[in-house]
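For reference, the structure discussed in these notes is given below.
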Amino acid sequence: MSTSPKTSPKTPSQTPREAAPRSEAARRADRRTRVTVLVALAANLVIAAAKAAGGLVAGSPALLSEAAHSVADSVNELFLLAALRRSRRPADRRHPFGYGKERYFWALLAAVGIFVMGGCFSVFQGVEALRDGGEESFGGYTAGMAVLGVALLAEGTSLLRALHQLRVQGVADGLRDPALRTVIAEDGAAVLGVVIALAGMGLHMATGRMAWEAAASLAIGALLVHVAYRLGRDARDQLIGEAADPRADARIRALLAAQPEIDSVEALFTMKTGVDSTLVAARVDLVPGLDSERVEEVAVRIKRSIARTVPEADRIFLDVTDRRAREAAESPAATGERGGAC
């Protein structure tokens, strides 16, 4: 049985001086995201009440579908606020890698909320309108159209706020945050949903056929189901352990391969543990002739280099092995094969 040289350096994978700016940047990004979510929440609460009142007065399934959409979005904003607060809790004994994946969990709940409260209710309203058919109630439609016009302005303002934050943070960094990604998807779907509802109500008023509004309600439902599926799929991938960005993985592999003390990189594993944190685990073979103190120095230097090259890599583990020792341990003489030992 082979033994490996001492490989676990006592120093952290990155120094506090390197970690502090990244933590401060993360806190600033969280504050911007919280403001964006609060803006979306306020807009959705007001709009949901207005749409529900207008839908009941006008007897409009499309408007009621949009009201359900806004209610679902309001609940989801509460989920996202919980995600922002809980995901920044420090690591503890029970969760040694921190609580970063809380964001993905709450994003998954938001996707379920969009599917159930928004998509399913909208489809139900559309089917009911088609089945009942024929009723042509135009009372209050002018008010309903006005409500949708105000909703379009409010949802558009919220969407512009989210897109502004995305531009400030950078598209790649912004879309890594499930909270911001969910707000953008919700607001984009809301704007498109209001346009569909306006078209359905307008065609109903022009032709007198409820089928147009029913079709608009079904289209809104299909839109929300699609958005929920995409958001849920992303959250699922991240919850079960998604690898780091391929470019980051390539940079780490290239850095390891360039080290003169490393003979070969046997394996490299990465996993996102939060919005801006990544676990890195590598198994490397060192060149022969290094003593234990030299191995420790090399491991510390490599870990610091990885932390500088990929700032989100805040947990780095190196499994340093000696190929000759391993080959000797796996040889037939050592394992008892081919008549070596009985």
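The values are calculated or read from the model by the stated rules, or taken from the named source; none is laboratory data. Here the structure is a predicted model, which means the values were calculated and not measured. Cβ sites come from the backbone with ideal geometry, for glycine too, and all protein chains shown count toward neighbours. Only protein heavy atoms, including side chains, enter the accessible area calculation; ligands, DNA and RNA are left aside. Shrake-Rupley method; radii C 1.70, N 1.55, O 1.52, S 1.80 Å.
Are there any pairs with C-beta distances below 9 angstrom linking a residue in the range 281-300 that is of a type in the set (S, T, Y) to a residue that is exposed (fewer than 14 other Cβ atoms within 10 Å of the Cβ), with the two at least 6 apart or on different chains, and if so which?
Taking only residues 6 or more apart or on different chains, the pairs are S292/K6.
Looking for something within 25 Å of G100 (Cα to Cα), outside any strand (DSSP E or B) and open to solvent by less than 20 Å² (accessible area, probe 1.4 Å) - is there at least one such residue anywhere in the range 308-317? Please lay out each step first, then the result.
Narrowing the range 308-317 to residues within 25 Å of G100 (Cα to Cα): 308-317.
Add one more test, that the residue is outside any strand (DSSP E or B), and what stays is 308-312.
Still in the running and open to solvent by less than 20 Å² (accessible area, probe 1.4 Å): 310.
Among the residues of the range 308-317, at least one is within 25 Å of G100 (Cα to Cα), outside any strand (DSSP E or B) and open to solvent by less than 20 Å² (accessible area, probe 1.4 Å), which makes the answer yes.
Of the residues A228, A211, A244, which single one is under 30 Å from C120 (Cβ atoms), under 23 Å from the mean Cα position of the chain (by Cα) and aliphatic (A, V, I, L, M)? So that I can check it myself, show each step before the final result.
Numbers: A211 fails: under 23 Å from the mean Cα position of the chain (by Cα); A244 fails: under 30 Å from C120 (Cβ atoms).
None of the other options fit; the residue is A228.
Return the total of residues in the range 156-204 being modelled with pLDDT under 85, hydrophobic (A, V, I, L, M, F, W, C) and open to solvent by 30 Å² or more (accessible area, probe 1.4 Å).
Residues that pass the stated criteria total 4.
Considering the range 212-256 alone, what residues qualify as being over 30 Å from L198 (Cβ atoms) and touching a Ser or Thr at 6+ places or on another chain (Cβ under 8 Å)?
Within the range 212-256, A243, A244, A248, D249, R251, I252, L255 qualify.
Which of the residues spanning the range 97-124 are open to solvent by 70 Å² or more (accessible area, probe 1.4 Å), of a type outside the set (F, W, Y) and either within 11 Å of the chain's Cα centre (by Cα) or modelled with pLDDT of 85 or more (or both)?
Listed by number, the list holds a single entry, V112.
Pairs please, first residue from the range 240-260 and within 15 Å of E312 (Cβ to Cβ), second anywhere and small (G, A, S) and in a helix (DSSP H, G or I), Cβ atoms under 7 Å, 6+ apart in sequence or on different chains.
L255/S305
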